[in-house]
Amino acid sequence: MIPKKHLGQHFLTAPSYARKIAEALPGSRADALLEIGPGQGALSIFLKERFPDFHCVEVDAMVIELLRLKLGDGFYTVHYHDVLTFDFGLAGFPLHVVGNLPYSIGAPIIKKTLYYGKNIHSCTFMMQREVVQRIVAPPHCRTRGFLSVFCSFFGTPRLLFNVPPGAFFPRPKVESSVFQIVIDNDPEKKLPQARWEPFFALVSRGFQQRRKKVVNSLSADGRQKERIAAILRAHGVNGDARSEDLDCSQWLNLYKALC
């Protein structure tokens, strides 16, 4: 099977890491599970042992037959579809989501998954190591960015383990990492879903000029700057704080006070 460069295919070939990912998933055999981009089934074969009735979504028609041959008989379901337009509800809510994500569309897949909110139990994804480091970065860390706040709104991202380039074919130029988020019971208790988009837009704006203080990156004029500074002080945030210094709850307090 020749990997397709335009699909960003790097097939996981090391069974030890595939098993490790499968074993890291929370939940039981009765839970619904969706695997994104199973490829030739290196991970799928171990997922089938834990979640016999699992679903997977694959955009490459050429690998689907290979995948079915590898998995053999069973109650699993393979969806031939682009994950970015696929309805996760077809796998049955609530569900766990897992996958070795293509580097080029990893962030959009994470956002789509987490926007399902309480319909997701957990997500366990493998991506390039530097992106995962940003996702799990705590406040006051220079690698912290928009994805850090976005993911922490839904749960606490944690690094599980790193995966070397030699575990894939073709061998990628970067190292990979596996991270996991167990979704909070109901993210809408923090903020109604109808307000998620404007909230994340505010956070994104704050990180567009990340070397600036928050009061400067979010201010359109001096008057608004004073207001933002007062809100931050009221919630225990120093006026010199930059975007990476705020945790998710502080961003939420700022958004609610402004809006």
Give me the pairs, please: first residue somewhere in the stretch 152-177 and in the same structural domain as Ser122 (by TED's automatic domain parsing), second residue anywhere and aromatic (Phe, Trp, Tyr), beta-carbon distance under 7 Å, and either six or more positions apart or on two chains. Pro157/Phe179; Arg158/Phe179; Leu159/Phe179; Leu160/Phe179; Val163/Tyr17; Ala167/Tyr17; Phe168/Phe11; Phe169/Phe11
Inspect the stretch 19-39 for any residue being touching a Cys at 6+ places or on another chain (Cβ under 6 Å), buried (at least 21 other Cβ atoms within 10 Å of the Cβ) and within 22 Å of Leu160 (Cα to Cα) and give the result as yes or no. yes
If a residue counts only when it is within 29 Å of Lys173 (Cα to Cα), which strands (runs of 3 or more DSSP E) contained entirely in the stretch 6-91 have at least 3 such residues? 32-36, 55-58
Going through (1) closer than 23 Å to Leu43 by Cα; (2) more than 11 Å from the chain's Cα centre (by Cα) one by one, Cys123 fails only at (2)
Assess whether Tyr80 counts as being buried (at least 16 other Cβ atoms within 10 Å of the Cβ) and either in contact (Cβ under 8 Å) with a residue 12 or more places away in the chain or aromatic (Phe, Trp, Tyr) (or both). no
Need at least 2 residues that are surrounded by fewer than 18 Cβ atoms within 10 Å (Cβ to Cβ) and charged (D, E, K, R) per element, so show me which helices (runs of 4 or more DSSP H) inside the stretch 131-230 make the cut, counting only ones lying wholly within it. 196-208
Candidate set from the stretch 231-259 (those that are small (Gly, Ala, Ser) and surrounded by fewer than 17 Cβ atoms within 10 Å (Cβ to Cβ)); member that is nearest to the chain's Cα centre (by Cα): Ser249
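Of all residues in the stretch 83-93, count the ones that are touching a His at 6+ places or on another chain (Cβ under 8 Å) and either among the polar types (S, T, N, Q) or surrounded by fewer than 17 Cβ atoms within 10 Å (Cβ to Cβ) (or both). Before you say what the answer is, go through the steps one by one.
At the first step, the residues of the stretch 83-93 found to be touching a His at 6+ places or on another chain (Cβ under 8 Å) are 86, 90-92.
Now drop any that are not either among the polar types (S, T, N, Q) or surrounded by fewer than 17 Cβ atoms within 10 Å (Cβ to Cβ) (or both), which leaves 90, 92.
The number of residues fulfilling the criteria is 2.
The values are calculated or read from the model by the stated rules, or taken from the named source; none is laboratory data. Quick caveat, the model's predicted, so the values are computed rather than measured. Note: ideal-geometry Cβ built from the backbone for every residue, glycine included; neighbour counts use all protein chains shown.
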